[in-house]
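Structure first, then comments.
The values are calculated or read from the model by the stated rules, or taken from the named source; none is laboratory data. Everything quoted here is computed from the prediction, not taken from an experiment. Because the Cβ atoms are built from the backbone with ideal geometry, glycine has one as well, and the counts that use them run over all protein chains shown. SASA here: full protein model, heavy atoms, side chains in, ligands and nucleic acids out. Shrake-Rupley method; radii C 1.70, N 1.55, O 1.52, S 1.80 Å.
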Amino acid sequence: MASKGKVDEDGQGKNSDVIVAAHILRHRTRFHFEKKFTQYEITISVSNMSWSIFRRYSEFEMLNKKLNRDLKKKPKLPGKKWTGNMVEAFLESRKKGLESYLQQLLALPEAMSNVAVLEFLGFLSDHSKESKRKRIQAEQISRIAKPGDVVLFRTQGALPALQRTVLSSDYDHVGIVVTKYMSKFKNKNFEVIGGLYLL
């Protein structure tokens, strides 16, 4: 059975007409060096777009922990098992349990406006995992940008395209330019180029 929910487009906690469906297709076994682990393939569908993501049980656990502080009410995640957790019958049972968890989660209106849920489903990027990706050349921006300018980005890829579709936007990222003298904005994560910070 597919899990369905509605994306909160306006951020006000109200459902839009954009229906999100999620279904766990299968599980697969993978190896990292000598360690064996299982991934679950989840297919996400929105309007006429769909994509697949692979998530481990530990990623479901991390999502669940984040939701403990964000949601007043949430479904119960299937329990952890320390032995026999690679047996086919158990993996199939866990797949059904995780499917039920997703189904109940997507039925909650507040879940579809939650950043952790949107990242988990592949709507948003978790920038902590993207530190090695190529970045725009800040020198080019510093030549034309002034403090206070807002910079809109339209990035490539299927997920940014989906994000623009869901949000009915021409852009998927936004930045603001500030000077290095605006001390309350100072942060070690900001990159200084020509006396400017690009947030």
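A few notes on this one:
- Annotation: amide H-H contacts under 5 Å for R56 (H modelled 1.01 Å from N, sequence separation of 5 or more, or interchain): Y40.
- Extension reserve of the I144-E61 stretch, reckoned as 0.36 nm per residue once the Cα distance is removed: 25.4 nm
- Prolate/oblate/rounded call for segment 66-109, Cα gyration tensor, a/c under 1.5 rounded: oblate
- Accessible area of segment 76-116 divided out per residue, in Å², using a probe of 1.4 angstrom: 54
- Heavy-atom accessible surface of segment 28-78: percent carbon and sulfur, 1.4 Å: 48
- Segment 158-165 - phi-based ³J(HN,Hα) in whole Hz, Karplus 6.51/-1.76/1.60, Gly and Pro as x: 5, 5, x, 5, 5, 4, 5, 5
- Here segment 85-114 is scanned for amide nitrogen atoms under 20 Å from the site 7 Å beyond the Cα of K76 along Cα-to-Cβ, giving 90-108.
- Here's how it looks for S50: its modeled amide H is under 5 Å from none belonging to a residue 5 or more places away or on a different chain.
- A cut-off of 5 Å between modelled amide H atoms, ignoring neighbours fewer than 5 places along the same chain, links L124 with E119.
- Whole-Hz couplings from phi, Karplus 6.51/-1.76/1.60, listed for segment 106-113; x for Gly and Pro: 5, 6, 8, x, 5, 5, 7, 10
- Ranked by how many other beta carbons lie within 10 Å on average, peptides 26-37, 46-57 from highest: 46-57, 26-37
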